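Reading through the C-alpha cells given below for one structure.
Coordinate-derived values only; no laboratory data. Since this is a predicted model, take the numbers as computed values, not measurements. Here the Cβ positions follow ideal geometry from the backbone for every residue, glycine too, while neighbour counts run over all protein chains shown.
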Amino acid sequence: MSACHSIRETVTLPPLQERPIRVALAGQPNVGKSTLFNLLTGLHQYVGNWPGKTVERKEGHFTFNGASYRLVDLPGTYSLTANSPEELIAREFILRERPDVVVAVVDAATLERSLYLVAELLPLPVPVVVALNMMDVARQEGIQVEPEVLQAALGVPVVPMSATRGAGVPELLETVERVARGAFPYAPRLPQIRPDHREVLETIGERIAGYVPEPYPRDWVALKLLEGDVEVTRMMRAALPPERWEEVHAVLRAHDDALVAVASGRYEWIGRMVRAAVTRPRVGQIGLTERLDRWATHPVWGLAILAGILGLVFWLTYTVGAPVQELLETYMVGALAEAVRSWLSGAPAWLSGFLADGVIGGVGAVLTFLPILVIFFAALAFLEDVGYMARAAYVMDGLMHLIGLHGKSFLPLFLGFGCNVPAILGTRVIDSRRARLLTILLAPLVPCTARMAVIVFLAPAFFGPAAPLVAWGLVLLSLGVLAFTGIMLNRALFRDRRSAFIMELPLYHLPNWRTIGLSVWQRSLSFVRRAGTVILVVSVVIWALSTLPGGSAEESYLTRLGEFLEPAGRLMGLDWRLTVALLSSFVAKENSIATLGVLFRAGEEGLADLLAATYPPATALAFLVVQVLFIPCVATVAAIRQETVSWRWTAFSVGLLLVISLLAGAATFHATSLLMQ
C-alpha cells in the first residue's frame, strides 16, 4: 500500500454540525477562481491580509438551498510546495483548518497544467471537488473535455461549469453539499511516485513515525521530506531526536534525485487523466487565442497595441474622469464648504475654517480622486479579466529587466503618470513580494498630473518660450532618476536579485462584468476607508499649522517652520516661501501654487510675473526639479502604508525621496549658477 493511500485511510471526516459548510477555493492563477468567489459571495465578502502576511485574504458567506456556506478564497498557486507565501498559506489552511470541502478550480482549456495542483490536493486529508471551469473557452479553442470520463479517472466529483456565465454553479454547490455531508462516494485515485523510490518513501515514513507534529499526516510529511520541502524539513529537524534526524538525513542525501521521482509520478498520472478525458483539435488548427497573440505578443506590433490600449485608458481618464473630478470639486466639495461657511457666519472664524477647509477639504481630497481611481481600477480589472494583462507584461519584460523588475511592474508604473495612488494600488498584480515592494518604492518618481500641473504653470513664468523644453527635460530627469534608483535599490536592498518570472498567457475570454464591478467597488471602498482616514487627519493638521496661532498664513506655524528650514532651502537657492510651498504640497501637489499665491498676495495671473521677477533662473529650475522629485502627496503615502502594511517601508520611501529631491535640487542650483556666471 502506498503512503498516499494510507493518508486517506487514517482520516475520518467529522459529522457536519449545525454550522455553515466551510469551503476552500483552490486553483492556479487565471483559472477563474476569483470570478467564482465573487459570483457566490457578491458583496458579502471580506478582504484583508492573512495573519502576519501581506498576501490578500478573501472570505465570504452565502446561502444555497437553505444551507449556509463560509467560503475562503485561497491564494492562487501552482503547487503546494513551500516556495512562496501563497503556497504555504494554501496548504497550511487546508491542513490546520480542515475545511469540509476543497473546491479545486481548473481550466478546462489548459487541463494538463491545472491538474498538477489537483495532484497535490488529493493526498491531503480533506475531500476535493473539481470545478471544471471555462468549458466555453475550451470549446472555443476546439478542445473537448469529457467530465464524466475525468470523474471516473480521478475518482472524485467533477462538475463542468463556466463561471463567467454562471453555468454549472448550482450543480457545483449541490455536489459540494453532498460531499460535505458524506452522501457522495469518495475514492480518489492518487498519483504514485516513481517505483524505484517507493521503498525509500516507506523507509522515511518509518523513521519519522511518532515524531510528526499535529495536524500533519505522517506519510504526507515523508513525501514532502523526499521532495526537499524547506518548511517541512525545518519542522522535522526540530521535532526528531538528533540521532533519528541523522538517519533520515542520510536516506535523503543518498536519494537527492527524489524530487524528480515525485514530479515524474505526478506528470505520468496527469498524462493518464488527460489522455482519458481530453480530445484536442487536429494538428494545424489555430484557435482564437493563437491568432490574436500573433499580434499582441509581437516584439513590435505588441508594443504598438499596448501603447494604443494605454493611450485609450489615459484618454478615458482625462476625458471622463477629469471633468467629473472638477464637477465634484466645484459642486460638491466647494458648495458644501461654502454652505458651512455661510451656516457658521456668526461662529468663531477658527471653527468655520476647521470644518470648511480642514475637514471638508480633507474629505474632498479623497472624493475628487474617485473618478480617476474608478476608471483606472475598471481598466485594470477589464484587461486582467479578458486575459490581456499577461500580454502587456510579456512585451515589456525586456525593458523592465534593465531596472531589476519584470514586465508586470510596467503597468502600475505607467498609471503613475495619471496618479501615483492607483500606481501604488495597481502593484497588486505583481506576484513577487520583492518586485512589488521595489515597484512601490519607485512609483512616486513617476511625474503625476498634479506635479505636471505645477510645472505647466511655473515653467512658462520662469523660462518663457523654453518652457516646453524645460518641462520635457524634467519628465526625462524624473524617469532617469527612477531607473537609476531602481538599479541602486535592487543592488543595495535586494542584492541584485531578480524575481523568477514565469510568464503564463491565459486564453482570451469574455469579461465578467459582475467580477469587474465588484473589483472596482472593493478597491475604491478600500481606498476611501483606509487612505481617506489618513488624508483627513493630515489635512486637518496641515490646516491647523497654516492657520494657527493668529489666523493668517504669514504668521502661522507653517510659515515659522518654513523660516526654520530656510537654511536647508538655501542650499538649493530656495527662500522660506518656496520651502513652505513645498511643504504644503504634501496634501496635494497643486497646493504649491495656491500657497505661493497666498504668500505673495497675488492671484494666479499676477503670481507668474511676481515669481519671474523675484527668482533667478537657477532658483526657478532648482525649485521645479525638487517639485518633480519631492515626497508624494499624503494620499500616495497612505497608499504606500496600505500596500506595504509597514510604517518602516513607508518612512523609508518618504526619506528616500526627500534625500533624492534635495540632492538633485542642490546640484541643479549650483550647476546652473556656475553655467550662468
| note | Cα extents of the stretch 195-258 along the principal axes, largest first, in whole Å, come to 29, 22, 20
| task | Using only the alpha carbons, work out the radius of gyration and Dmax of the stretch 3-180 in angstrom. | result | 15.4, 45
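In what sequence do 452, 236, 273 fall when counting other Cβ within 10 Å, fewest first?
Numbers: 452 17, 236 25, 273 20.
Ranking 452, 236, 273 by Cβ neighbours within 10 Å, fewest first, gives 452, 273, 236.
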